[in-house]
Amino acid sequence: MSSLQKGILVVVSGFSGSGKGTIMKKLMEKYSDKYALSVSATTRDPRPGEEHGVDYFFVTKEEFEDMIQKGALVEYAQYVSNYYGTPKAYVEEQLSAGKSVILEIEIQGALKIKEQFPDTLLLFVTAPSAEELKNRLTGRGTETPEVIAARLSRAVEESQGMEEYDYLVINDKIDETVDLVDTIIEGQKNQNTEGFSNLSLSSNINFVNKLREELSGFSKGE
Ligand code: 5GP
């Protein structure tokens with residue numbers, strides 16, 4: 001196998017409600033031969049329909065802290081009062097099997113991964129507007145108003161770090177988004193990213209600033 005065909009590490013982050021979970025699901029259905037999606041460990045409770053070992057490894061705080069102690073996580077972070085972390089063994093196995101490994105994680109974890117593996121591709125997914133994010137988050141009906149408020153205020157914090165990411169993916173039409181994510185990963189793998197300069201954060205700075213302003217308004221209850 002030539003070095004160009006080896007898998008890469010890809011981080012996908014996005015605000016709560018950006019639809020990144022659905023994008024990942026569809027990406028894996030369509031391109032399961034190319035990608036491996038890392039399953040994280042978390043101390044949060046499962047949502048209806050979520051399965052242990054599929055969506056997350058749902059563990060207790062003690063079990064999570066034990067994984068940290070044993071060095072079993074590549075990175076971990078706290079998000080709205082729960083721990084989330086990436087098990088190391090799976091990432092290593094899949095990379096050496098030649099697959100690109102996708103980590104759907106938040107920004108602190110993303111930056112820790114980038115520090116350890118500087119070639120990691122960082123993608124940031126957002127809904128087309130802050131209003132749309134709020135609607136998706138509320139419409140999901142799985143979180144209490146307090147948790148929704150905490151997640152919106154976390155989105156404001158996360159929006160401050162968006163410039164660290166390589167590309168912004170605006171999730172409007174889901175099937176197009178899935179193909180775009182595949183195209184970006186392929187481009188990065190083949191070191192051919194010329195066509196993507198319009199997706200860089202700096203090219204979208206006006207959009208990003210507007211989103212920051214709107215999110216900050218929502219988190220203050222406006
Ligand atoms: P949720 O509770 O909505 O499933 O996830 C909350 C946040 O935690 C999301 O931003 C998600 O991307 C992030 N997350 C999920 N798994 C991990 C992980 O292993 N590490 C880190 N750092 N963040 C994660």
| field | Condition broken by residue 130, with the remaining ones in (1) surrounded by 18 or more Cβ atoms within 10 Å (Cβ to Cβ); (2) at pLDDT 95 or above satisfied | value | (2)
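Quick test for you: out of 77, 41, 72, pick the one residue that is under 26 Å from residue 7 (Cβ atoms), touching a helix residue (DSSP H, G or I) at 6+ places or on another chain (Cβ under 8 Å) and more than 11 Å from the ligand (Cβ to nearest atom). Spell out how you get there, then give the answer.
Values: 77 fails: more than 11 Å from the ligand (Cβ to nearest atom); 41 fails: more than 11 Å from the ligand (Cβ to nearest atom).
Just one listed residue meets the conditions, 72.
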| request: Assess whether residue 28 counts as being in a helix (DSSP H, G or I), assigned by TED's automatic domain parsing to the domain that holds residue 106 and surrounded by 18 or more Cβ atoms within 10 Å (Cβ to Cβ). | output: no
| task | Residue by residue through segment 36-51, note down the ones that are of a type outside the set (Val, Ile, Thr) and closer than 22 Å to residue 12 by Cβ. | result | 36, 37, 38, 40, 41, 44, 46, 47, 49, 50, 51
| So, in segment 96-112, of the ones that are at pLDDT 95 or above, farther than 20 Å from residue 151 by Cα and aliphatic (A, V, I, L, M), which residue ends up surrounded by the most Cβ atoms within 10 Å (Cβ to Cβ)? | 102
| note | residue 42 passes all but one of the listed conditions (1) β-branched (Val, Ile, Thr); (2) surrounded by fewer than 19 Cβ atoms within 10 Å (Cβ to Cβ); (3) within 24 Å of residue 120 (Cα to Cα); the exception is number (2)
| field | Number of the exception - residue 94 against (1) in a helix (DSSP H, G or I); (2) within 8 Å of the ligand (Cβ to nearest atom) | value | (2)
| query | If you scan segment 1-23, which residues turn out to be at pLDDT 95 or above, within 11 Å of the ligand (Cβ to nearest atom) and among the hydrophobic types (A, V, I, L, M, F, W, C)? | reply | 11, 12
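Results for (1) away from the ligand (no atom under 11 Å from the Cβ); (2) in a strand (DSSP E or B); (3) without any contact (Cβ under 8 Å) to a residue 24 or more places away in the chain; (4) over 22 Å from residue 152 (Cβ atoms), shown as yes or no for each residue.
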{"site": "49", "(1), (2), (3), (4)": "yes, no, yes, yes"}
{"site": "64", "(1), (2), (3), (4)": "no, no, yes, yes"}
{"site": "83", "(1), (2), (3), (4)": "no, yes, no, no"}
{"site": "86", "(1), (2), (3), (4)": "no, yes, no, yes"}
{"site": "89", "(1), (2), (3), (4)": "yes, no, yes, yes"}
| task | Mind telling me which of the residues 117, 58 ends up being aromatic (Phe, Trp, Tyr), away from the ligand (no atom under 13 Å from the Cβ) and in contact with a strand residue (DSSP E or B) (Cβ under 8 Å, 6 or more places away or on another chain)? | result | 117
| said: Among the residues in segment 109-127, are any under 23 Å from residue 46 (Cβ atoms), outside any strand (DSSP E or B) and not assigned by TED's automatic domain parsing to the domain that holds residue 55? | reply: yes
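The values are calculated or read from the model by the stated rules, or taken from the named source; none is laboratory data. These numbers come from a predicted model, not from an experiment. We place every Cβ from the backbone using ideal geometry, glycine too, and count neighbours over all the protein chains shown.
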